[in-house]
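*Asks:* Below you'll find the structure I mean.
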Amino acid sequence: MASTSPARISIEDAAGINVTREEALDWFRKMSLIRRFEERAEEAYGQGKIGGFLHLYIGEEAVAVGAMAALQPEDDVITHYRDHGYVLARGVEPKRVMAELYGKATGLSKGKGGSMHMADVRRHLWGGYAIVGGHIPLATGLALAIQYRKLPQIVACFFGDGATNAGTFYSGLNLAAVWKLPLIAIVENNHYGMGTALERVSAVDEVYRKASSFDIPGVRIDGNDVLAVRDAVRRMADQSRNGGGPQLIEAMTYRFRGHSMGDPQRYRTKEEVEEAKSRDPIARWRSTVQENDLATEDELRKIGDEVEAEVEEAVRFAENSPAPDPGELCNDVLVSE
Ligand SMILES: Cc1ncc(C[n+]2csc(CCOP(=O)(O)OP(=O)(O)O)c2C)c(N)n1
């Protein structure tokens, strides 16, 4: 019978600077792109140009960027509704993501998915899902398919701390552990599920310890440190790829915006949010890059300017794109393979 070993769960410290200049700048660019993209989406939403829900990822960028840097292009990625960051970090063109938010025919899901349903199967991005924890069993299924077909890839499944109280978390990870599937579960602990603080709804609020329910490795990392995320995801992904079964990573982070647009945020104080902003993952990476002489202030500013231009281009593209043809409504409901 499997036994729970306390040594399988741990809190990880960042392990020094192990990054090339090219990677350092790429991560700075991607995190800045996600931030700026979402600030512009927020503005467009306020102007009534984007409909439906809009869950912003601002403050959590280091998780998506660090994780994607550790994964292989053929690894499967599946996620929840706060999904723009993963898609942009995976390299999807911002204009296709913005057009999707605008519900335009040129969007990533042809304008039929919107903010919560960004999928790009060619990039092994299986999409965002709106039902909390609903995609975790789907991740288990993807991992089972990989194991069955003896493929070298793994599945990375992202979700929030709130989802770890859902039954799907237990059923999905339980079977993944029984079958030793190649799955890494990356929990973004941003402290809240909508307006409810984690400790009010979770008997165990150190989420990484929930790994012991399945007797799988679990680690808590600083999710605002892009390098710590890359290193932990790389290590856990390697273990999983080499037959180590599922792994759980709890990335500690914070969302600077409300749960979705229009959230009055009465459940937290302005001071708490301001304090969290002092750990801003982008400002922090900017300092690390400079302190380690990986780039100059001018180079970083230039990247910021390029990102700004790219996001403006994405907005223009979305605004000038056509709406989907009504005849398209029932297409793409089923796929042939
Ligand atoms: C099964 C289910 N219950 C409730 C909701 C409503 N809901 C949407 S998001 C959310 C909070 C989830 O929080 P968390 O998993 O921590 O993710 P975060 O939004 O913080 O990234 C809830 C309760 C839902 N979409 N699905």
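*Asks:* Test each condition in (1) open to solvent by less than 10 Å² (accessible area, probe 1.4 Å); (2) farther than 30 Å from Pro324 by Cα; (3) more than 15 Å from the ligand (Cβ to nearest atom); (4) in contact with a helix residue (DSSP H, G or I) (Cβ under 6 Å, 6 or more places away or on another chain) for Asp75 and report the one that comes out false.
*Replies:* Of (1) open to solvent by less than 10 Å² (accessible area, probe 1.4 Å); (2) farther than 30 Å from Pro324 by Cα; (3) more than 15 Å from the ligand (Cβ to nearest atom); (4) in contact with a helix residue (DSSP H, G or I) (Cβ under 6 Å, 6 or more places away or on another chain), only one is false for Asp75: (4).
*Asks:* Residues of region 153-167 being more than 8 Å from the ligand (Cβ to nearest atom) and among the hydrophobic types (A, V, I, L, M, F, W, C), which ones? Working first, answer last.
*Replies:* Initially, region 153-167 is screened for residues more than 8 Å from the ligand (Cβ to nearest atom), giving 153-158, 165, 167.
Result: Ile154, Val155, Ala156, Cys157, Phe158.
*Asks:* Just need a number here: residues in region 170-198 that are of a type in the set (A, V, I, L, M) and within 12 Å of the ligand (Cβ to nearest atom). Steps first, please.
*Replies:* Step one: list which residues in region 170-198 are of a type in the set (A, V, I, L, M), which gives 173, 175-178, 181, 183-187, 194, 197-198.
Cutting the leftovers down to within 12 Å of the ligand (Cβ to nearest atom) gives us 186-187, 194, 197-198.
Going through region 170-198 one residue at a time, the tally reaches 5.
*Asks:* I would also like to ask the following. Which members of region 16-35 meet the condition of being of a type in the set (A, V, I, L, M, F, W, C) and open to solvent by 70 Å² or more (accessible area, probe 1.4 Å)? Spell out the reasoning first.
*Replies:* Of region 16-35, the ones of a type in the set (A, V, I, L, M, F, W, C) are 17, 19, 24-25, 27-28, 31, 33-34.
Residue satisfying the conditions is Ile17 alone.
*Asks:* Would you confirm whether or not region 291-300 contains a residue that is part of a loop (DSSP other than H, G, I, E, B), out of contact with any Cys (no Cβ under 9 Å at 6 or more places or on another chain) and open to solvent by 100 Å² or more (accessible area, probe 1.4 Å)?
*Replies:* As a first pass, look at region 291-300 and keep what is part of a loop (DSSP other than H, G, I, E, B): 292-296.
Filter once more, keeping what is out of contact with any Cys (no Cβ under 9 Å at 6 or more places or on another chain): 292-296.
Next, from what is left, pick out any that are open to solvent by 100 Å² or more (accessible area, probe 1.4 Å): 293.
Yes, some residue in region 291-300 is part of a loop (DSSP other than H, G, I, E, B), out of contact with any Cys (no Cβ under 9 Å at 6 or more places or on another chain) and open to solvent by 100 Å² or more (accessible area, probe 1.4 Å).
*Asks:* Check Val92, Val97 and return the single one that is surrounded by 21 or more Cβ atoms within 10 Å (Cβ to Cβ) and within 18 Å of the chain's Cα centre (by Cα). Spell out how you get there, then give the answer.
*Replies:* Values: Val92 fails: surrounded by 21 or more Cβ atoms within 10 Å (Cβ to Cβ).
Testing whether each residue is surrounded by 21 or more Cβ atoms within 10 Å (Cβ to Cβ) and within 18 Å of the chain's Cα centre (by Cα) leaves just Val97.
*Asks:* Further, regarding this structure: Is it the case that some residue within region 43-51 is part of a helix (DSSP H, G or I) and farther than 30 Å from Gly114 by Cβ?
*Replies:* Among the residues of region 43-51, not one is part of a helix (DSSP H, G or I) and farther than 30 Å from Gly114 by Cβ, which makes the answer no.
*Asks:* So which residues in region 70-123 are of a type in the set (Gly, Ala, Ser) and at positive phi?
*Replies:* To start, the set of residues in region 70-123 that are of a type in the set (Gly, Ala, Ser) comprises 70, 85, 89, 91, 99, 103, 105, 107, 109, 111, 113-115, 119.
Those that are of a type in the set (Gly, Ala, Ser) and at positive phi: Gly91, Gly103, Gly111, Gly114.
*Asks:* Looking only at region 43-65, count how many residues are more than 16 Å from the ligand (Cβ to nearest atom) and open to solvent by 50 Å² or more (accessible area, probe 1.4 Å). Give the steps one after another, and end with the answer.
*Replies:* The first filter runs over region 43-65 and keeps only residues more than 16 Å from the ligand (Cβ to nearest atom), leaving 43-51, 65.
Okay, now just the ones that are also open to solvent by 50 Å² or more (accessible area, probe 1.4 Å), so 43, 45-49, 51.
Total meeting the criteria: 7.
*Asks:* While we're looking at this one, here's another question. Give the residue, chosen from Val201, Val207, that is within 16 Å of the ligand (Cβ to nearest atom), modelled with pLDDT of 95 or more and surrounded by 18 or more Cβ atoms within 10 Å (Cβ to Cβ).
*Replies:* Details: Val201 fails: surrounded by 18 or more Cβ atoms within 10 Å (Cβ to Cβ).
Within the list Val201, Val207, the selection yields Val207.
*Asks:* Condition first: open to solvent by less than 60 Å² (accessible area, probe 1.4 Å) and under 28 Å from Gly258 (Cβ atoms). Now tell me which residues in region 173-198 satisfy that.
*Replies:* Here is the first cut: in region 173-198, the residues open to solvent by less than 60 Å² (accessible area, probe 1.4 Å) are 173, 176-177, 181-190, 192-193, 195-198.
Listed by number, the residues that qualify are Ala185, Ile186, Val187, Glu188, Asn189, Asn190, Tyr192, Gly193, Gly195, Thr196, Ala197, Leu198.
*Asks:* Could you list, in sequence order, all residues of region 127-140 that are buried (at least 19 other Cβ atoms within 10 Å of the Cβ) and either at negative phi or away from the ligand (no atom under 16 Å from the Cβ) (or both)? Break it down stepwise before answering.
*Replies:* Taking region 127-140 first, the residues buried (at least 19 other Cβ atoms within 10 Å of the Cβ) are 127-129, 132-133, 135-136, 139-140.
Once the filter is applied, which keeps residues that are buried (at least 19 other Cβ atoms within 10 Å of the Cβ) and either at negative phi or away from the ligand (no atom under 16 Å from the Cβ) (or both), region 127-140 yields Gly128, Tyr129, Val132, His135, Ile136, Ala139, Thr140.
The values are calculated or read from the model by the stated rules, or taken from the named source; none is laboratory data. Quick caveat, the model's predicted, so the values are computed rather than measured. Ideal geometry is used to build each Cβ from the backbone, glycine not excepted, and the neighbour counts take in all protein chains shown. The area values use the complete protein model at the heavy-atom level, side chains included, leaving out ligands, DNA and RNA. Shrake-Rupley method; radii C 1.70, N 1.55, O 1.52, S 1.80 Å.
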